[in-house]
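Please treat every number below as a calculation from the coordinates, not as lab data. Just so we're clear, the structure is a prediction, and the values are computed from it rather than from any experiment. In this analysis, Cβ positions are derived from the backbone assuming ideal geometry, glycine residues included, and neighbour counts consider all displayed protein chains.
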Amino acid sequence: MKQLKLIIKREYLNKIRNKSFIVMTFLSPLIFIGLISLVAYLSRVNNDDKQIVTVLDQTGRYANQFEDFDSFTFQYLNTSQQFESAKTAVEEQEGYGLLFIPNLPENQLKSKITFYAEDSPSIDLLRYLSKKIEDKTFEDNLKESGVNLSQISETSSNIDIRVENFSGEESSKIAGVLKLVFGGAAGYFLMMFIIIYGNMIMRSVIEEKTNRIIEIIISSVKPIQLMMGKIIGTSLAGITQFVVWLFLGSVLFFTVSIIFHVDLGSVDTPQKAMLENSGAMEAMVQTGFAEIANLPLATLIISFLIYFIGGYLLYSSIYVSIGAAVDSETDTQQFMMPVIMMLMLGVYVGFFTVINNPHGTVATVFSFIPFTSPIVMLMRIPFGVPLWQIILSMVILYITFTGVVWLAAKIYRVGILMYGKKPSYKELYKWLKY
Amino acid sequence: MSNLLVATNVSKRYGDYTALNNLSLEIPKGSVFGLLGPNGAGKTTFIRIINQITYPDQGEVLLNGERLQPKHIAKIGYMPEERGLYKSMKVGEQALYLAQLKGLSKKEAKERLQFWFDKLEIGGWWSKKIQELSKGMAQKIQFVVTVLHEPELLIFDEPFSGFDPINANIIKDEILELKKNGATIIFSTHRMESVEELCDEIALINKSNKILDGKLIDIKRQFKNNVYEVALEAENFGSLKEEISSKYLVSEAEFKTLGNELKMNIQLEESHSPNELLSFLTQKAPVTHFKEVIPSANDIFIKAVKSYNQ
């Protein structure tokens, strides 16, 4: 135990004192926030740059129908102006474009309205224009046939379907999205953590081999102790790095948004802006918070920890045995492939099947397979998974984990003392019997 | 003298390959024991078994009469042939870490390191990184780390590789001093001249089998074949040589003397004593050189391995 502690301490200190590790720890959030701010800033500059759309409406029916939208403002020409002169005027003025509605009766207008622009116009703008014209035409037609418009808006009703589960808990569409975000983030985080720090452990195993210090150390401690010490030490360093990232990231995010008054949330779709206007955004945020509170948070956190530890240890012991088997990092490719594929499978199965049907056969089966279960099950849990399934999947995971660590320790024990050749899978199998 | 380490019928197989076959050895307390053999003979496997890095399939190894157990690790110091240190770690930190892994307390380790660093005049290296040191310098640190916990049994696998002659001498003297202080030393090498200098006992392993072991002197006695180098002052080399070869088995010899003498190796049969030969020779011509040929460790090594392979 004392030796395990010593090894963990050395691995941990060695990692966090490493120059590139320190640089990465402090630079990554800066770069990340910097990029986000830059994108936000640029998109604001982009929006600030007002673009003028000229409207030549010879029918006179659509005057003042268009309101400023995104970065576009509208200017209306006299209905009597000729098309040619309008076109030259817009060109000279270097306006964004010219919307031309010729003086034709409504039934002929359908395919005659044209938008002239130097560059191909924004699709959002075109959609907006046609919607406005359609709406106006629709209204006019109704009026013509003698329909009272105010009556229509009175009789129409907004139906909002409520969703409840059988035990009476309310949920909503937003909740579905939220659950997906929670589960997805957890699964994705786990995958990233495994890949980044699994690789780090693997490299440090290879380093011990190439430094030729390994035999000196395992004449003092058991290989399994060294292996576990490395895994635990490196993961602690990884967690430290993530905590620093989280902390620095949020501090920077906050500071940047205050100092530069850049609304970092504004990097978003126009739909959001529309929702905001109608006050629906507020409502959504409120239901969002309510839904977060409704999520089985305790179950989520506990199962996240259990799956995180189990999944991470399972994969990192595989990474360790790969490191032990080879002499240099370039030799790791053939063994890395299956590992990465398994992780990818977990994430893709998670994202594609859990969205459609969190309790479908595929999603359920993959949440029991130990190599994908940490990711897939984490994605399913927010949607409510029976307790027996969670427990069964965890038991399978931890049994497999024990088995894999046992196998990995065997490969590790033999591999660390083998120099000079890249083993095949067949040889690895033979090592298991030494 | 009792034995520190006794191995009985130790076998180790890797798949179809037999690395050690029924090896039995006794290593007396306080001796320097030479573990010799060609590359791939099984020396390193045996050393790893002693260090409990691998375990024998059959047989047992006793240390001080007890079966090897994890607690014995602290009593063994091992300097492997494939050795190195963490390149980016500081010398002092690294030495402390390795000493603590062997069970020393941090304080104790620090004191002893101070002593050894002063002794080998490397005190100034404490906060240097290994990558800043030369290979020989790193080897010195390795030596210190091996002996720091004052083990009863020291195992050196090719200890002199990587050292210049001056440093090799320093290390050799340190090894002899450790022996004087009561340590038992297993010494594995290809360099036979250092075997002659250091070893009391040897074992020769070839192709997984022990082919020879015992006290170095006894083995030399066993391998000598009653050959004597003689040099005679003579007028006529040819007639003298003829005369001698009529009575004894004579062969060409190569050794250095000061004058221009007739040199030869003379093989004595078991029934003859060296005195008979000497008195015979003195009657013929003045004898300036008369010496029994003692087989060197090198000769024994080559002869034993070759005859085994045939």
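Span-like helix criteria (full DSSP H runs; alpha carbon extent of at least 27 Å along the helix axis; mean Kyte-Doolittle hydropathy of at least 1.0) are satisfied in chain A by A:19-48, A:223-259, A:297-325, A:333-356, A:387-415.
Distance between the pseudo-spin-label points of B:Asn309 and A:Gln75 (7 Å out from Cα toward the beta carbon): 9.9 nm. Can you bin segment B:101-220 into rounded, prolate or oblate? Criterion: square roots of the alpha carbon gyration tensor eigenvalues sorted a ≥ b ≥ c, rounded for a/c under 1.5, prolate for a/b above b/c, oblate for the rest. Here segment B:101-220 falls in the prolate category. Normalised radius of gyration (Cα atoms, divided by 2.2 N^0.38 Å) for segment A:293-434: 1.19.
One Cα centroid belongs to segment A:35-110, the other to segment B:1-39; the line between them spans 95 Å. Looking at chain A as a GNM with Cα springs under 10 Å, which of A:Thr73, A:Thr332, A:Thr299 has the largest mean-square fluctuation? Result for chain A, Cα springs under 10 Å: A:Thr73 fluctuates most. Here the gap between B:Ser2 and B:Glu150, fully extended at 0.36 nm per residue and compared with their Cα-Cα distance, gives a gain of 51.3 nm.
Rg/Rh, computed from the Cα trace of segment A:55-126 with Rh as the Kirkwood radius, has the value 0.94. Taking a sphere under 15 Å around the Cβ of A:Pro223 and counting the other residues whose Cβ falls inside, with K and R at +1 and D and E at -1, yields a net charge of +3. At R0 = 41 Å, how high is the FRET efficiency between B:Lys247 and B:Ser161 if r is their beta carbon distance? Nearest 0.05 is fine. After rounding, the FRET efficiency stands at 0.25.
Legend: calculated FRET efficiency, B:Gln69 to B:Glu177, from the Cβ-Cβ distance at R0 = 30 Å, rounded to 0.05, equals 0.55.
Neighbours of B:Ser208, meaning other residues whose beta-carbon lies under 15 angstrom from its beta-carbon, give a summed charge of +3 when Lys and Arg score +1 and Asp and Glu score -1. Close amide H pairs (under 5 Å, H built 1.01 Å from N) link B:Leu68 with B:Val61, B:Leu63, residues at least 5 positions away or on another chain. Maximal additional length on extending the A:Phe247-A:Thr59 stretch stands at 61.7 nm, based on 0.36 nm per residue less the C-alpha distance. According to the Cα-based calculation, Rg over Rh for segment B:1-112 is 1.02, with Rh computed by the Kirkwood formula.
Nearest 5 percent is fine: what portion of the DSSP beta bridges confined to chain B is antiparallel? For chain B, the DSSP antiparallel bridge percentage is about 70. A crude spin-label estimate for the pair A:Ser122 and A:Ile22, with each label 7 Å from Cα along the Cβ direction, gives 4.7 nm. Partners of A:Lys426 within straight-line reach, counting lysines whose Cα lies under 18 Å from its Cα and excluding those fewer than 8 residues away in the same chain: A:Lys410. Taking other C-beta atoms within 10 Å as the exposure proxy, B:Thr288, A:Thr88, A:Thr234 rank A:Thr88, B:Thr288, A:Thr234 from fewest upward. For chain A, the Kirkwood radius over C-alpha pairs fed into Stokes-Einstein at 10 °C and 1.306 mPa s yields D = 58 µm² per second.
If the chain between B:Glu193 and B:Glu121 were fully stretched, how many nm would it gain, using 0.36 nm times the residue separation less the Cα-Cα distance?
23.2 nm
FRET efficiency for the B:Ala234 to B:Glu93 pair, using the beta carbon distance and R₀ = 51 Å, is estimated at 0.10.
If a/c stays under 1.5 just call it rounded; otherwise compare a/b with b/c (prolate if a/b is bigger, oblate if not). Do that for segment B:225-293, with a ≥ b ≥ c from the square roots of the Cα gyration tensor eigenvalues. Taking the square roots of the gyration eigenvalues as a ≥ b ≥ c, segment B:225-293 is prolate. Shape descriptor for segment A:1-149: Rg over Rh equals 1.43 (Cα atoms; Rh from the Kirkwood inverse mean 1/r). Quantify how much of the Cα-Cα distance distribution of segment B:3-221 extends past 22 Å, in percent. The share of Cα pairs beyond 22 Å in segment B:3-221 comes to 51 percent.
The mean sequence separation of alpha-carbon pairs under 8 Å and at least six residues apart, normalised by the residue count of chain B, gives a relative contact order of 20 percent.
Here the protein assembly as shown carries DSSP beta bridges of which approximately 60% are antiparallel, counting only pairs with both residues inside. The equivalent ellipsoid that matches the C-alpha gyration tensor of the protein assembly as shown spans semi-axes of 88, 29, 23 angstrom, in descending order.
Placing one identical point scatterer on every Cα of segment A:106-149 and ignoring solvent, what is log10 I(q)/I(0) from the Debye formula at q = 0.21, 0.34 Å⁻¹? Reported log10 I(q)/I(0), two decimals: -0.78, -1.18. Of A:Phe182, A:Phe83, A:Phe247, the residue with the greatest mean-square motion in the GNM of chain A, using alpha carbon springs below 10 Å, is A:Phe83. Centre-to-centre separation between the Cα atoms of segment B:195-255 and those of segment A:321-352: 62 Å.
Note: relative contact order over segment A:350-434, using C-alpha pairs below 8 Å and six or more positions apart, is 21 percent. Site pair B:Tyr14 and A:Ile355 shows an inter-label distance of 5.1 nm when each label is modelled 7 Å from Cα along Cα→Cβ. If you take the Cα centroid of segment A:387-434 and the Cα centroid of segment B:261-310, the two points sit 62 Å apart. Largest mean-square fluctuation among B:Ile185, B:Ile205, B:Ile122, in a Gaussian network model of chain B whose springs join Cα atoms under 10 Å apart, belongs to B:Ile122. Excluding B:Val10 itself, calculate the net charge of residues whose Cβ lies under 15 Å from the Cβ of B:Val10, where each Lys or Arg counts +1 and each Asp or Glu counts -1. Taking every other residue near B:Val10 into account, the sum is +2. As a length-normalised measure over Cα pairs under 8 Å and 6 or more apart, the relative contact order of chain A settles at 19 percent.
Please tell me which of these pairs span more than 18 angstrom C-alpha to C-alpha: B:Lys90/B:Lys140; A:Lys209/B:Lys87; B:Lys12/B:Lys75; B:Lys90/B:Lys110; A:Lys19/B:Lys90; A:Lys230/B:Lys129?
B:Lys12/B:Lys75; A:Lys230/B:Lys129
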